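Engineer: Next up is a structure, given as structure tokens.
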Amino acid sequence: MANLRKREPRTIKAHLATVTLRGDHVEIRRSGLARIAAERHTVIPLADIVQVQWKDPTMLVNGCVFMATAEDVKTVKALGTTKETAIGGNSHTVLFTGYQHRRYAELRAALKALLPDVPTAPAG
């Protein structure tokens, strides 16, 4: 894992967001309307991520990757009724369209390589 952390930053374009994986943290920069749903710029230390939840994108439904911290696990529900409790409204979530399935898979694989001991689970 030490070799992965010394590599150059890796950038993956998502739906209305750009994710940059760095040696010790993940940066999410949002554009357009995505800034309404979540913070424009989010930094998540890798050490704070306790679970990675995901939903595969299809041509009918967007998918997502949710990098949950300990606080998120306590408060966020997949089908929350408010912005504060919904995964989609959380600043640690990145959305992918059906056309971005390859980028989605790339992000999931990169997170798994950086965080091999962190559990993953489907959202919902």
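Read the figures in this text as sums done on the coordinates, not as results from a lab. Note that the structure is a prediction, hence the values are computed from the model and not measured.
Engineer: Would you mind checking which residues have amide H under 5 Å from H25's amide H? H placed 1.01 Å from N; only 5 or more apart, or other chain.
Structural biologist: Amide H to amide H, under 5 Å and 5 or more residues apart or across chains, H25 pairs with L46.
Engineer: While we're on this one: How far, in nm, would the chain grow between V50 and T75 when pulled straight, counting 0.36 nm per residue and subtracting the alpha carbon separation?
Structural biologist: Fully extending the segment from V50 to T75 adds 7.6 nm.
Engineer: Taking H placed 1.01 Å from N in the peptide plane, check which residues at least 5 places from V76 or on another chain put their amide H under 5 Å from its amide H.
Structural biologist: Here nothing satisfies the definition.
Engineer: Under 5 Å between amide H atoms, partner at least 5 residues away or on a different chain: which partners does H15 have, H built in plane at 1.01 Å?
Structural biologist: Those qualifying (amide H under 5 Å, at least 5 residues apart or on another chain) are L95, F96, T97.
Engineer: Whole-Hz ³J(HN,Hα) for each residue in region 8-23, computed from phi via Karplus 6.51 cos²θ - 1.76 cosθ + 1.60 with θ = phi - 60°, x for glycine and proline: what do you get?
Structural biologist: 4, x, 10, 10, 10, 8, 10, 6, 6, 7, 10, 9, 10, 9, 10, x
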